[in-house]
Structures are given as C-alpha cells and as structure tokens.
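Have a look at the structure below before the remarks.
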Amino acid sequence: MSQRILLGMLTPSSNTVLEPVCAAMMADVPKASAHFSRFRVTDISLDEAALGQFRMQPMIDAAALLADAHVDAICWNGTSASWLGLDQDRALCRAILDATGIATTSSVLALEQIFRKTGVRRFGLVSPYLGSVQERIVQTFRKEGFECAAERHLEIRENHAFADVTGDTLRGMVRAVAETRPDAICILCTNLNGAPLVEALEAETGIPVYDSVATAIWGALRAAKKPPDVVKGWGRLFREVL
C-alpha cells in the first residue's frame, strides 16, 4: 500500500493561482502531492449562464478522472457554495462520494468547519467579486450562523482576472476589515494569491486569516485522515485548528 498522500482538487478552468499555491503548501510534506482536474468556469456573477457553470455533472465527471489517480481525498477547490448555498456543496460531496467511493469536501465546507471549531461568530470578508455576489455570500453565511462584521470586494467578474489582484491590494483589504476586530478574516476566492500573505497579516493584525486555497488543503487533508499540521509556514490554521 502506498504511503503517499495524494489530494485531488477540482479546479475552475480559468484558475491559475490554486495549483502553484497548493504545490507550494505541499512541497515540504514528505511523499505528498496535489493533483488537479478542471471543468469550465470563466465568469463569476449571478447571471443564469454564470450560475449554470456549477452544474453537478461536469464536476462529478472531473472527480471521476481524479479517482483514476487513486487519490486519498477529493476537494472542490472553489467558492461557489458561498453564493449558491452550502447545501450545494454538501450535495456535490455526497454525489462524488457515491460515484467514486472517495471522501470529498470543498473549500467552503472546510471554512464552515473551521469557523465552528474555532468559535467564530463575526468574520471579515475579502473577495474580488461583484457587489451582488458579495451580498449573497454575506446572506449565505448569516444563514449558517456567522455574521459578517466588515467586507471589501473589487467588483471583478472575470475569473481569470482575479489572479492579477496584487498583494498590496489584498493587504489593504484585510487591514480594512481587521479594524472591526472580527473573530477571523476570510480571503474568499481560490484564484486570489492570498495564502502567501497570511503569516505576515496574522502577525500584524493578531487575527486568524483563512485563505480559500488553504482551507481547501486543510479540508482535503482531514478528509484523507491526515493531520493538517504536516503543512508548515502557511498560517495559524495549520498550527491551531486540528
């Protein structure tokens, strides 16, 4: 039996951040690697066509390709459930488990778990999304029992363009929501390059910062029954939320 840790990631087709970030997070974990299967996602809005990108069957088909690699867990490394509702990802994970027999989670479901495990009630929200999408995200988390204390967003809808948001912009957004002293701050979007900023922002603000790519790795490791603290140097999440 292989002693490797193989994590399978469902990936938006136009995403260019999550793959290198996942690889960097796993680089120092012995015999561990992340593997990716794409399906088409290009536009993030509440338009019917954009919402239709997250139909379940293409995601199940992509997961079936990951199953061929005998991955230990599958994770939907995207944030669509934050505006479609967490039940969307709960149903997807059940469907993938039924189709592949492999434990499945998502970045957003992992974030919800993290919030519950750490007692978060008020959170700060940073995203690149349109205001209409951001409002839906706030509503989604309110229904789950979490109140948004402050938010910043960038009014971008092209998924590929999220990767071009600079570190200085993200740092400014995190600092702005940190002024309300939330229990935690979420950088929500797996095509934002926020994860490499987390350690410094946590040291500066004293507030846990949960990046969506990091929560995906955390959730996938737990689904694979591996300890998240095998990941070093990527924030309090991997040291404290076990």
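Charges were assigned to the Cβ only: +1 to each Lys and Arg, -1 to each Asp and Glu. The resulting dipole of the stretch 110-235 about its Cα centre is roughly 540 debye. Among DSSP beta bridges lying fully in the chain, give the percent that are antiparallel, nearest 5. Roughly 5 percent of the beta bridges in the chain run antiparallel, per DSSP. Assign one of three labels to the stretch 77-131, namely rounded, prolate or oblate, based on the Cα gyration tensor with a ≥ b ≥ c the square roots of its eigenvalues; rounded applies when a/c is under 1.5, prolate when it is not and a/b is larger than b/c, and oblate otherwise. Oblate is the answer for the stretch 77-131, as a/c is 1.5 or above yet b/c matches or exceeds a/b.
Placing dummy labels 7 Å off each Cα toward the beta-carbon, the span from Val230 to Glu135 is 4.4 nm.
The charge dipole of the chain, taken about its Cα centre with unit charges on the Cβ atoms of Lys, Arg (+1), Asp and Glu (-1) only, comes to about 660 debye. Contact order, relative form, for the stretch 117-210: 34 percent (alpha carbon pairs under 8 Å, 6 or more residues apart, mean separation divided by residue count). Its alpha carbons considered, the chain gives a radius of gyration followed by a Dmax of 16.4, 50 Å. With one equal scatterer per alpha carbon and no solvent term, the Debye-computed log10 I(q)/I(0) for the stretch 34-98 at 0.29 1/Å reads -1.46. Taking each residue as 0.36 nm, the span from Gln113 to His70 lengthens on full extension beyond its C-alpha to C-alpha distance by 12.9 nm. Shape verdict for the stretch 117-210, please, from the Cα gyration tensor: rounded (a/c under 1.5), prolate (a/b greater than b/c) or oblate. Judged from the Cα gyration tensor, the stretch 117-210 comes out oblate (a/c at least 1.5, b/c at or above a/b).
3J(HN,Hα) couplings calculated from phi for the stretch 113-128 with the Karplus curve 6.51 cos²θ - 1.76 cosθ + 1.60 (θ = phi - 60°) are, in sequence order, 4, 4, 4, 5, 5, 9, x, 5, 10, 10, 10, x, 10, 10, 8, x Hz; Gly and Pro show x. With each label modelled as a point 7 angstrom along the Cα→C-beta vector, the Gln57-Gln3 pair spans 4.4 nm. Take the convex hull of the alpha carbons in the stretch 42-185; its mean projected area over all directions comes to 9.0 nm². A helix-only calculation puts the chain at -13000 deg cm²/dmol for mean residue ellipticity at 222 nm, using -39500 (n - 2.57) for each DSSP H run of at least four residues, averaged over all residues.
As a rough guide to protection, the peptides 95-105, 218-228 ranked by mean Cβ packing within 10 Å, highest first, stand as 218-228, 95-105.
Readers should treat all values here as calculations from the given coordinates under stated rules, not as data from a laboratory. Predicted model, so just to flag it, every value in this text is computed and none were measured. Quick reminder, even Gly has a Cβ in these numbers, built from the backbone with ideal geometry, and neighbours come from all protein chains shown.
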